[in-house]
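Just so you know, all these numbers are worked out from the coordinates, no wet-lab data involved. All figures in this text were calculated on a predicted structure; none of them were measured in a lab. Cβ atoms come from the backbone with ideal geometry, glycine included; neighbour counts cover every protein chain shown.
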Amino acid sequence: MSVIFDQSNGQYSLHTKNYSYIMQEKEGFLLHLYWGKKIFGDCSYMFREQGRAAFSPRMENCDGFILDDIPLEYPCWGRADMRTPALEITNPDGSVIVDLRVVGRRIEKGKQGIKGLPAVYTENESECETLVVEMLDSVSNIAVELYYCVLEDYDIITRYTKIINKGDSEVRIDAAASAAVDFDHIKFDVISNFGTHCRERNIERAPLTHGRYIMSSRRGASSHVHNPFLILTSPTADEVSGDAYGFVLVYSGNFTAEIAATQFDSARAVIGLNPDSFCWTLGAGEEFTTPECVMSYSGEGLDTLSYNFSRVFRERLARGKYRDVRRPVLLNSWEACYFGFDSERLIKIGDSCAELGIELMVIDDGWFGKRNNDNCSLGDWYVNEEKMPGGIKRISDHLNAKGVKLGIWFEPEMISPDSDLYRAHPDWCLHYDNRPRSEGRYQLILDLTRQDVCDYIYESVAKVLREGGISYVKWDFNRNMSEAGAMLLGKDRQREVDFRYYLGLYSVLERLNEEFPDVLFESCSGGGGRFDAGMLYYMPQVWTSDNSDAIERLRIQYGTSLVYPMSAMSAHVSASPNHQTAHVTPFDTRFTVALTGSFGYELDPTALSSEEQQKVRETAELYKEYGEMLAKGRYHRLRDPHNEPCSAWCTVSEDKSVCVAGYVLTHVRLYGNNERVQLRGLDPDAIYKERFTGATYRGDQLMNFGLHAPTTLEFHSILWILEKID
Ligand code: GLA
């Protein structure tokens, strides 16, 4: 049993395979007692009331708790806890007080979905037990249900919150976090992602200091800038040792992920919807459910924490046919020809794909309306017959006959002012009637809080897919939100726009997933501007970055791997010199870096020399051979490209029989530096044979001494494929 409630002392114990999470009821409050390596028994003694008032008042007549100094599971604003709250409500009488006390609890088998929102799922009831703690503010009649879903075998606990207005008047929710955790110390390093377009998900690690440390977005997307997760580690934790706690939000819009060190040297983590851009009017009898937060703990450093998240996201968040099968080797036309193509050119590229063993060709942008550059036609999702006589069908028929599938790019949430759609519906974009609108890449964002707009988006994509011949969709989103008014919502509800927008988007994606279960959807937002767990529920892979430079991708992929699976990262071999950075990089390095992700090419195959074409042929075959194992195996970060003159990693199959390892030298130091790479996760007693050299090694040698790496040629790399022979 992974959820136990002990009536005698009010203790809740949640146990996964390797850790425990303990809470306790006391005078109606739900206290946090412990989160860490597995423990059993009565934990009541862990609650320490220190009576540190320090200007923080006590509850009722100076007898009660100093609320500001006790560890609370779902802290609320208004009484005497002055730290960051999880829940803030404005009551019908204008008061801003929420005072929640436990009134009941349920323990349920399995895990329910969250209506309208992406969430981790289970395949059978035995995979999860759910604890629901029922709380009530007896003055306002606001009920709150705290959900804790314990996926024991995955070492995962997910949390979300349902708020139910049992009163008879409207209230306003001003903040509603998915989860909060109070720790009784501040000895943490905080690890987060930061970045920008083409430089997403760098890692930043810093000791926690007093004050609030907040990663967040108000950009109408999870964004390139921060990513909706937070990791806390013990100060000396590394990949293989130390405590590591992680929180990942399953949501694609505005979020906050905060950790604050308090006056009493305790720490509070709060993660969820960003209250700076959110309010929700909850009518009498209505419910509101927050997005889900996925949490994990590892007592063995970051490697295991990343494994826990990547495993659950790959196996129990991503869905559909492509969840478990190797993704097709694809060629994306964007860097091959940008807008400069017609059917003849596409057919030539497609023929070349067929000859080179590439399984899918993607027409990226430029096929619809009158789109020959990026200043028009978003919304006009019908083929440009001038450029492509015979339409998509002609190309897909031609390619399909040669065994190559076809994919196509859409940016359905957008509208160009120069489009037939805009001319017909100028009011369909997010805007305020009396204010100018900012354009990004000559485009506005459609108002997905409207059902008619959602229906239009769904129908326009579905219509193209229903014509057949399309196996893949790249779904793009190329600007962030500003002046995000939804004119039909009414003046009191404008702070609901972000959340309602995502409810609209998720509903469209759900319908498309249902109608087209065989289509592989790839999410994109100028590369990785919406690389989040919310999108992964609908699309199992994401264009990781618009920066396709292999050397730059080392950092981007490393940072992304902290919580996301490699199978979610689309990674392509691009041309050299690279189009973004002008780096000249050997083909083998570009391949070694791309191989770990969902693999493809981002170049014009007809422009390659015959030697390079041969390389494409060979590398496509290698991916076909190892792609499934790479997606399902356990990924290990071995050398950190942020802080070292190199990067290295390996993926080991579940049964430890195959290991694919890569090393790239990013900065040469003259006369070398005796570089060797120690692998991880192998069977120490097994003998492994390296595919390209035929050399054999014992697993313990590979892990403890390692393999010599190249030290003299910048941007050169080595790929090792090791197979167990004994
Ligand atoms: C975005 C994407 C690119 C490409 C272009 C097309 O920038 O990230 O991969 O699809 O749009 O306009």
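In terms of modelled amide H atoms, which long-range or inter-chain residues lie less than 5 Å from the amide H of Q541?
Distant-sequence amide H within range of Q541: S523.
Evaluate the chain: find the radius of gyration of its Cα atoms, find its Kirkwood radius, and give the ratio Rg to Rh.
On the way: Rg = 26.4 Å, Rh = 26.9 Å.
Here Rg/Rh amounts to 0.98.
Quick check: residue separation of R319 and Y45 times 0.36 nm, minus the Cα distance between them. What number comes out in nm?
On the way: separation 274, 0.36 × 274 = 98.64 nm, distance 4.33 nm.
Between R319 and Y45, full extension yields an extra 94.3 nm.
If R0 is 41 Å, what FRET efficiency do you get for E654 and R435 from their C-beta distance, rounded to 0.05? The partial results should precede the final answer.
Values: r = 55 Å, r/R0 = 1.34.
Step by step, r from the Cβ atoms, then E = 0.15.
Counting only residues 5 or more places away or on other chains, whose amide H sits under 5 Å from the amide H of L446 once H atoms are built in the peptide plane?
M414, I415, L430
Could you give the size of the charge dipole of the chain about its Cα centre, using +1 on the Cβ of each K and R and -1 on the Cβ of each D and E, expressed in debye and rounded to the nearest 20?
Numbers: 77 positive and 106 negative charges, 148 e Å.
Charge dipole, the chain, about its Cα centre: 720 debye, nearest 20.
Please work out the Cα convex hull volume for the range 1-86 and give it in Å³ per residue. Kindly include the intermediate steps, with their values, before the conclusion.
Numbers: hull volume 9.5 nm³, N = 86.
Spelled out: Cα convex hull of the range 1-86, divided by residues, is 110 Å³.
With each label point set 7 Å from Cα along the Cα-Cβ vector, what nm distance links E27 and E386?
7.6
What full-extension length gain, to one decimal in nm, is calculated for M82 and K393 as 0.36 nm per residue of separation minus the Cα-Cα distance? It would help to have the intermediate numbers written out before the result.
Details: separation 311, 0.36 × 311 = 111.96 nm, distance 6.20 nm.
In short, 105.8 nm is gained.
Can you give the extra length, in nm with one decimal, that the chain gains between E515 and D452 once fully stretched, where that is 0.36 nm per residue apart less the Cα-Cα distance?
Residue separation times 0.36 nm, minus the Cα-Cα distance, leaves 20.8 nm.
On alpha carbon coordinates alone, what is the Rg over Rh value for the range 66-111, Rh being the Kirkwood radius? Intermediate results must be reported in sequence, preceding the final value.
On the way: Rg = 13.3 Å, Rh = 12.3 Å.
Reported Rg/Rh (Cα atoms, Kirkwood Rh): 1.08.
Apply the Karplus curve 6.51 cos²θ - 1.76 cosθ + 1.60, θ = phi - 60°, to the phi angles in the range 290-297 and return the couplings in whole Hz, x for Gly and Pro.
Karplus-based 3J(HN,Hα) across the range 290-297 equals 7, x, 8, 10, 9, 10, 8, 9 Hz.
Order by neighbour count: I363, I191, fewest other Cβ atoms within 10 Å first, most last.
Numbers: I363 27, I191 21.
Least to most surrounded, the residues fall as I191, I363.
From the phi of every residue in the range 665-673, what ³J(HN,Hα) in whole Hz does the Karplus formula 6.51 cos²θ - 1.76 cosθ + 1.60 yield, where θ is phi - 60° and glycine or proline is x?
Residue by residue, the range 665-673 yields 8, 9, 8, 7, 10, 4, 6, x, 8 Hz.
Would you be so kind as to identify which of A695, L670, C659 lies farthest towards the positive end of the dipole of the range 587-705, taking Lys and Arg as +1 and Asp and Glu as -1 on Cβ and the Cα centre as origin?
Of A695, L670, C659, it is L670.
At 7 Å along Cα-to-Cβ for each site, give me the label-to-label distance between N372 and N400 in nm.
Taking the two extended label points, one gets 3.0 nm.
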